[in-house]
Structures are given as C-alpha cells and as structure tokens.
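Taking it in order: structure first as structure tokens, then the write-up.
The values are calculated or read from the model by the stated rules, or taken from the named source; none is laboratory data. Computed from a prediction, not measured in an experiment: that's the story for all the values here. Here the Cβ positions follow ideal geometry from the backbone for every residue, glycine too, while neighbour counts run over all protein chains shown.
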Amino acid sequence: MARTLILAGLLLVASCRERAVPGVANATAATDTTPDWTLDASSLGKFRTGVTLAQFNTELGEQLAPTYEISTTCDHVDPASFPDGVIVMIENDSVARFDVENPAIRTREGAGVGDLEADVVRRYGNRIVVSPHAYTGPDGHYLTVTPPGDTLHRIIFETDGQKVVHIRAGKRPTVEYIEGCA
C-alpha cells in the first residue's frame with residue numbers, strides 16, 4: 001500500500017513538470033521567459049537606442065519620467081525591470097545609451113565588467129581603439145569598439161588599467177560623454 005502511494009505521488013509530480021497546471025509554478029516555463037540582457041553597441045537585450053521615451057516605456061511596461069535636473073535635455077533613468085547595475089541615458093526624450101556596472105551583463109562577444117583589459121583587447125582585435133582614461137590615465141583606459149559598418153554607435157569599456165570597471169554602449173556623441181549628462 002505504501003509503495004503504491006509513493007508511486008502515485010511520483011507520477012503526480014512528473015505530470016506536473018510536463019504540463020502547466022494553473023496555480024502551480026512551472027520551473028521550465030520560468031526559464032523560457034528569462035530576458036536576454038546581451039549588450040551590443042545599439043541595444044541591451046530587446047531594448048534599442050533611438051526609440052522614444054514613450055516607446056521605451058511601452059516596451060518596459062513602466063512609466064519612467066526623467067527629471068532633467070542636471071540638464072534640460074539629458075537624464076538617467078533606472079528601470080525597475082532592469083538588472084541592478086544598469087541605467088539608461090535619455091537624451092531629447094529618446095534612449096541614447098546604456099551604462100553597465102553589472103558583471104553578469106555581457107556583450108555579444110562575451111566581454112563584461114571585471115574582465116581583464118588585455119582579454120577585451122584580444123577579443124575585439126582591430127575593432128578596438130585604446131586611449132587614456134580622462135581621470136585614471138595613463139593607467140586607466142577607454143577601450144572603444146566600433147561595430148563593422150556602423151558609424152553611429154560605440155561600446156566603450158572603461159578600465160582601471162587592469163580590469164573593466166564600467167561599460168557604455170549607445171549612440172554617438174552621447175555614448176562618448178565621460179560625465180554622463182553633466
């Protein structure tokens with residue numbers, strides 16, 4: 001009798017895993033909806049630079065409202081649905097760039113915060129330009145990546161001379177602002 005009850009319980013658990021049951025969490029379904037936070041020069045996952053703030057809010061399902069306190073045309077927003085350590089720069093009511101300090105966010109080529117500077121340079125090869133960091137140079141650097149055939153967007157890795165500490169990705173000239181909106 002006990003063996004029959006155990007077998008029935010195992011069959012019930014197995015059947016719940018194979019199909020969605022209302023009111024019961026489905027671990028497989030949860031992993032299928034995990035957002036892709038891959039960063040490239042013009043996007044972070046499904047979110048792209050160049051879209052209006054209204055379009056961005058619709059995609060997010062949030063109502064972000066820049067305050068424009070530092071600048072009348074530029075501000076940063078911090079979407080609740082984004083991972084920690086990622087903010088979005090809004091310029092002229094459009095998404096202009098993504099700022100990343102979260103090591104879990106990786107570029108399409110696999111680079112991210114915490115990576116060795118030398119590894120990022122090797123990974124991007126001749127697409128990268130190394131220049132001294134405005135505040136931590138000559139030790140710290142900007143590693144600027146220009147995507148093939150794209151003159152409008154860049155990825156800029158900021159380093160302390162050893163490791164990547166910050167990444168900016170987006171439209172020029174906004175992506176090149178070294179003090180954010182200031």
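Observations on the model:
- Looking only at segment 32-70, and only at residues there that are of a type in the set (A, V, I, L, M, F, W, C) and assigned to a strand (DSSP E or B), the one that is surrounded by the fewest Cβ atoms within 10 Å (Cβ to Cβ): PHE47
- Residues located in segment 167-181, provided they are loosely packed, with under 15 Cβ neighbours inside 10 Å and either touching a residue at least 40 places away in the same chain (Cβ under 8 Å) or more than 21 Å from ASN92 (Cα to Cα) (or both): ILE178
- Residues in segment 87-126 that are of a type in the set (D, E, K, R) and in contact with a Lys or Arg (Cβ under 9 Å, 6 or more places away or on another chain) were compared, and the one that is farthest from ILE70 (Cα to Cα) is GLU109.
- Segment 80-98: number of residues that are in a loop (DSSP other than H, G, I, E, B) and surrounded by 17 or more Cβ atoms within 10 Å (Cβ to Cβ): 1
- ALA27, sole failed condition from (1) over 22 Å from LYS171 (Cβ atoms); (2) at pLDDT 95 or above: (2)
- The residues in segment 88-140 that are closer than 29 Å to LEU60 by Cβ, without any contact (Cβ under 8 Å) to a residue 40 or more places away in the chain and touching a Leu at 6+ places or on another chain (Cβ under 7 Å) can be counted, and the count is 1.
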